[in-house]
Structure formats: structure tokens, C-alpha cells
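Student: Structure in C-alpha cells, see below.
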Amino acid sequence: MPNKDNMTTMHEKDITKEKSRQKVVKLFVQVMVYAFLVAMAIIVLFPFYWMIISSLKTLDEYRMSVPTFWPKTVMLSNYAEAFTTANLGRLFVNTMIVGVISTLLSLVITVLSAFAFARLEFKGKDLLFSALLATMMIPGELFTITNYSTVTQFGWMNTYTVLIVPFLVSVFYIYLLRQNFMQIPNELYLAAKVDGTSDLKYLWKVMVPLALPTLISITILKMMGAWNSYIWPRLVANDEAHRMITNGLRNAFTDTTGDVNYPVQMAAVALVSAPLFLVFIFLRKYIMAGVSRSGIKG
Amino acid sequence: MVDNKQQWKAWIYLSPAIVLLLIFTVWPIFNTVRMAFLENYSGLQAAGGKTFEFGIQNFVKVVKYRKFVSCLKNTVILCVTTVPISTLLALLIAVALNSIKPLQKILQTIFFLPYVTNSIAIGMVFAAMFNIVGSFYGTENEIVVTAGIVNNVIEFLGGKTINWINYGSTYTANMIVMIVYIVWNALPFKILVLLGGLQSINKQYYDAAKVDSTPRRRVFTHITVPLLSPMLAYVIITGFIGGFKEYTSIVGIFGENMGPADDAGRLNTMVGFIYDALETNSQGRASAAALILFGIILVVTMINTQVSKKRVHY
């Protein structure tokens, strides 16, 4: 018997030893995981940090051979200078006009199309829908070449129209909203029909409110698209009166290498990025919901 | 009767979308193919009444064009480097994020931040970080005012200053900068998708592994990766598609020059080639290049889906 007693205590000792060993390993792994994540987070955040502190430095401080990580004198005047140098006011207005109008029109078109695909029966519906989805595979550049000639023929060069109309229909948004509409039970629609509610009223009073999160996602992505668009505006509307924010930023600061006045340039970059950050802070969940299903920017 | 009413109603609702799609999506598909097969087609000359012969010369010329080959090379290099690097990093970060509780939300937000940025604007920030401020345009007495924060860090760690993007910089250095920037830019979307996938994996698998006291590495390779494989396939395919269309990130760092001051166009990509052709009114050449790009994307996507059919566990 004493022998067995001894065995159990040995066994328990082993267990506690093993347990504490596992605890140490677990703690070590946890520390490593956090260290890795924090290091990556710092790398991810660093460009933003560098943008902001550089934008607040004096040119002399920026040009010091040993960098400072906090501005000695805070030069808010860089922002005023950036604002006037890049003519940011005009660019903001242009971009907002294009963004707001194209978002509103795009929402109307998307809602109507998604409703037709989700609720109405008509010949060739499935075929048409698959054809639309198939166009999503084609790279946009292929369309741009012809659209460039088309808008020239329409006489749309250097107008707001050329920045808005060609991109009003997004098959992806129609698809997204159709999926959402399909989840709304058909009984609601039939009940509304019995009550004599018109389609448009039903759409506006029932479907739109129920699909609001998707509509918000679409709005944000569309606005971000206008804010970040670069290639198409450069081709078709690069005049002073219609220039968009990204093109304006790039045009105002053509040099990125060599001897550059970075504080002012970084201030301009920060001003252009600020609205995006604000949208991000307040509407993050809608952006993330829309993005995870799309795989495309804007 | 109701059916008939629904028919025309549906078409009315669809009409704005259909009209716009016909003009800006369907017509371009046919027209771009048409222009690609008309020899040396130019929109400007066509407007002047010139006619063009049918042929495949546009494709032959594009493929033989030295600039095109270099654009293709740049695009492929950026694709095959950035997609694996960013996918692997995103996977590690997503798995790490999934395994922690405190700080998870904050870190998740931080990692998503680069997504909501303007790739031209932040490209300019990266240029600032890599740029050597000073004047050295091939002259002997080069003046370095400040070497840029990246070089400062390298010096601090005991390395030597590298000319990343300035006059006289090497192709390799340029490419490294581009890869760093593109990976930085590609991470948020991939982390978001992979983390979403991880969070939907049934906890029972891990509990079973715990009961069997499976080592961490085996849990990762035998449970996490297989169950995550649909998401992995998704981010890899979209990553390749995006990678072949790389353009604005290079404009962000190098400007319209698409290369360092002494070698403009060195870093140009397929998309850049198409737009250059378009701007010189060579629609035939642009169309041919766009179709080649489409073909490449199609083939790569097909290869990807074939591979994933064998490897992905749904």
C-alpha cells in the first residue's frame, strides 16, 4: 500500500509539473502573438504617423539629417499653404458634386433593377442576370478604351456628366442588393398587393428600409470610389473646373522624389485622407460588410 | 394578365440600367474586339474617314514591342511576389488576431485602416519615407540633406543608405519599394476575409484536437488551413486579378513618370501600357493589349480555380 501511495503522489507531482509547464508555454506563445501583432500594427500605422508629423514640421526640421519623431514647432500653416497650393477647395467641391450625384442616381438605378430581379417575373430573367454577372469578369480597361471614344463623340469631354454617367450601373451592387431583397419574405409583397399598395410605395416603405445596411454600404463604397478615382478622370476631365481630388493632388505635387517640400505635400495628403478616415471611424462596420463581399476597391 | 403587367413593369424598372449597360459595357466589349483586329486602328484617323484592314498585326506588334515586354515583366514580378507575401502575412495576422481576446477589436481596426486610403495619396507618403532629399542628378558632388526615414532606420541598425527611388536607383530597389507598398495596401482586405473565415470555423474541431493534445503546428496545418481554404482561394484569386491590374500604386510613388528620374517608364505595367496607347490615339494597340490582359487574367483565374478544386475543402 505505501508503494501505491507513493505512486499517486508522484503522479500528481507530474501532473502539476506538466500543468505549470503548459502554462509557461501558453504564456510564452501569448506573449509572442501579442509581440507579433503589435509589431505589425506599428508597421501598418507608421506611414500615417509619418504623414501627420511630417506635415507639422518646418521645412528645416524635416531636412535635418537626424529625424525628429515629434515636431519641435508645430507648423499648422503648412495646411493652409497646402490648401491653396493644390487648390483643394475647388477639388473638394468638384469631387463632392460628382460623388453625391453619382451615388444618388446609382442608388435609384440599383434599387429598381434589384427589385425587378428579386420580385418580378419576366421572360429571360435568369439569362439576363447571368449575362450581367458575366460582365463582372472583364477588366475595366477593356471598357475604358471604347468609352473614351464614345464620350468624345457625345461631346462630354471635361464635363461632370462624363465623370458620373458611365459608372452609374454597377452589376456588383445590383447583385448585392438583389441578394438582400430576396431575403425579404414574399408574403410581405403579396400582402401589400392585396392592400392595393403600389410597387413603388412598397419598395420605398418596406424594402428600402429593410435593406438599409446594404444601401449604406453601397453609398460609402460609391463615395469612396469618387474620392479615389484617378485613371478615368485623368483621361476625360483633367481641366481646372472639373478636376477630381486625387488628380488634383497628383498634379499639384508632380515630384515625389528629389528635393521636395515634403511638409506641405504631406499636409495636402493628410487633408485628402482626412474625410476617408472620418468615414472609416463612424461607418466602419458598413464598409467592412460591403468590402468582404466584393474584393474590389470603390 | 397580372403576368403580362409584371413583364412590362420589370422592363421599365430595368430600363435605365440596361440602356447604360448597352452603351458603356456591352458595346465596348464588341467594339474593343473589333478595334483590336483592325490593323493600326486609330480613333482619330477613323473619324477622318480612314478605313482599316482586318488582321492580327496589332497583337503581333504589341507582343514584339519592347515596352510591352517590360510592362508584362513588371506586372508578373509584382504579382508573383506580392500575392504570396501578403497572403501569408495576412494569414499569420488573422490567426494571431483570432487567438487573442483583449485588444482584438482595436488591432482589427488598425489592420483594416490602410484599406480606406487613397492609393495615390499614401503612395506619396511612402515616397517621402524612401526618398533621399537632396540633389544628386548624376553629378559628382552629391548633396544628401536627409536620407529619409527608412534609410535612417537602416543606418541606425548598422546598414548602409540605399538609393531606393531617386535618380540612379536600381531596378531591384524600385521593385522592393513597390512590393512593400503593395503588400501594405493588400493586407487589410485579406485579413478581413481570412479573419471572417476563421471566426466561422466550428470550435468543436479545436476542442477535439485539444482532447487528442494535437500540437499547435498540426492544428494549424490540419485544421485551420484546410477549413480556411475557400477563403484562401478567394483572396489569392482576387489578389492575382488585382495584381495584374496594378497601376495607381506606382503612380502614387513614382508619379506619371512610372520610374526614377533617369529611367521613366521603367516600372510601367500592363494597365499603364494600355493607357499610354490610348493617349496616343492608338486604340487598335490599346485594345489588343487589353484583350491580352483579359486573356492572362482569365488563364490565371482558371489555373487558380483548378488548383483550388483539388486543394480546397468545402
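The values are calculated or read from the model by the stated rules, or taken from the named source; none is laboratory data. This is a predicted model, so every value here is computed, not measured. We place every Cβ from the backbone using ideal geometry, glycine too, and count neighbours over all the protein chains shown.
Student: Filter the range A:89-111 down to the residues that are of a type in the set (A, V, I, L, M, F, W, C) and surrounded by fewer than 20 Cβ atoms within 10 Å (Cβ to Cβ) and list them by number.
Tutor: Listed by number, the residues that qualify are A:PHE92, A:VAL93, A:MET96, A:ILE97, A:VAL100, A:ILE101, A:LEU104, A:LEU105, A:LEU107, A:VAL108.
Student: Out of the range A:60-88, which residues are surrounded by fewer than 14 Cβ atoms within 10 Å (Cβ to Cβ), more than 31 Å from the chain's Cα centre (by Cα) and not in a loop (DSSP other than H, G, I, E, B)?
Tutor: The answer is A:ASP60, and nothing else.
Student: Find all pairs meeting these conditions: Cβ atoms under 6 angstrom apart; at least six residues apart or on different chains; first residue within the range B:276-298 and surrounded by fewer than 22 Cβ atoms within 10 Å (Cβ to Cβ); second residue in a helix (DSSP H, G or I) and basic (Lys, Arg).
Tutor: Note: no pairs meet the criteria.
Student: Can you confirm whether the range A:169-182 contains a residue that is over 29 Å from B:LEU113 (Cβ atoms), in a loop (DSSP other than H, G, I, E, B), at the interface with another protein chain (Cβ under 8 Å from one of its Cβ atoms) and not hydroxyl-bearing (Ser, Thr, Tyr)?
Tutor: For the range A:169-182, residues over 29 Å from B:LEU113 (Cβ atoms), in a loop (DSSP other than H, G, I, E, B), at the interface with another protein chain (Cβ under 8 Å from one of its Cβ atoms) and not hydroxyl-bearing (Ser, Thr, Tyr): present.
Yes/no per residue for (1) buried (at least 16 other Cβ atoms within 10 Å of the Cβ); (2) among the small types (Gly, Ala, Ser):
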residue	(1), (2)
B:ALA90	yes, yes
B:VAL95	yes, no
B:PRO102	no, no
B:ILE106	no, no
B:LEU113	yes, no
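Student: For the range A:99-122, which positions are among the aromatic types (Phe, Trp, Tyr) and outside any helix (DSSP H, G or I)?
Tutor: A:PHE122
Student: Report whether or not A:LEU190 is buried (at least 21 other Cβ atoms within 10 Å of the Cβ), more than 10 Å from chain B (Cβ to nearest Cβ) and of a type outside the set (Lys, Arg).
Tutor: Here the answer is no, as A:LEU190 does not meet what is asked.
Student: In addition: Only one of B:ASN281, B:ASN268, B:ASN304 is in contact with a Lys or Arg (Cβ under 9 Å, 6 or more places away or on another chain) and of a type in the set (S, T, N, Q); which?
Tutor: Only one candidate qualifies: B:ASN268.
Student: Is at least one residue of the range B:284-298 farther than 20 Å from A:THR135 by Cα, hydrophobic (A, V, I, L, M, F, W, C) and part of a helix (DSSP H, G or I)?
Tutor: no
Student: When you check A:PHE143 against the structure, is it over 11 Å from A:ILE174 (Cα atoms) and buried (at least 23 other Cβ atoms within 10 Å of the Cβ), yes or no? Don't jump to the end; show me each part of the working.
Tutor: Working: over 11 Å from A:ILE174 (Cα atoms): yes; buried (at least 23 other Cβ atoms within 10 Å of the Cβ): yes.
Here the answer is yes, as A:PHE143 does meet what is asked.
Student: Check B:ILE201 against each of (1) under 30 Å from A:ALA289 (Cα atoms); (2) of a type in the set (Val, Ile, Thr); (3) at the interface with another protein chain (Cβ under 10 Å from one of its Cβ atoms) and name the one condition it does not meet.
Tutor: The single condition B:ILE201 does not satisfy is (3).
Student: For B:GLY259, work out the one condition from (1) within 30 Å of B:SER169 (Cα to Cα); (2) touching a Leu at 6+ places or on another chain (Cβ under 6 Å); (3) modelled with pLDDT of 90 or more it doesn't fulfil.
Tutor: Of everything listed in (1) within 30 Å of B:SER169 (Cα to Cα); (2) touching a Leu at 6+ places or on another chain (Cβ under 6 Å); (3) modelled with pLDDT of 90 or more, B:GLY259 misses just condition (3).
Student: Name the residue, out of B:ALA10, B:ALA96, B:ALA17, that is more than 29 Å from the chain's Cα centre (by Cα) and either outside the structural domain of B:ARG285 (by TED's automatic domain parsing) or more than 30 Å from B:THR172 (Cβ to Cβ) (or both). Walk me through how you get there before you give the answer.
Tutor: Working: B:ALA96 fails: more than 29 Å from the chain's Cα centre (by Cα); B:ALA17 fails: more than 29 Å from the chain's Cα centre (by Cα).
The unique qualifying residue is B:ALA10.
Student: Quick check on the range A:254-293: of everything there that is β-branched (Val, Ile, Thr) and part of a helix (DSSP H, G or I), which residue is farthest from the other protein chains (Cβ to nearest Cβ)?
Tutor: Residues of the range A:254-293 β-branched (Val, Ile, Thr): A:254, A:256-257, A:260, A:264, A:269, A:272, A:279, A:281, A:287, A:291.
Next, only the ones that are part of a helix (DSSP H, G or I) stay: A:264, A:269, A:272, A:279, A:281, A:287, A:291.
Working: A:VAL264: 11, A:VAL269: 5, A:VAL272: 5, A:VAL279: 7, A:ILE281: 9, A:ILE287: 7, A:VAL291: 6 Å.
Only one residue tops the list, namely A:VAL264.
Student: Just for helices (runs of 4 or more DSSP H) wholly inside the range B:34-133: which have at least 1 residues that are of a type in the set (D, E, K, R)? Don't jump to the end; show me each part of the working.
Tutor: Values: elements: B:43-47, B:57-64, B:66-98, B:104-112, B:119-130.
Qualifying helices (runs of 4 or more DSSP H): B:57-64, B:66-98, B:104-112.
Student: Another question about this same structure. (1) outside the structural domain of B:THR238 (by TED's automatic domain parsing); (2) of a type in the set (S, T, N, Q); (3) loosely packed, with under 15 Cβ neighbours inside 10 Å: which one isn't true of B:GLN199, the others all being true?
Tutor: (1)
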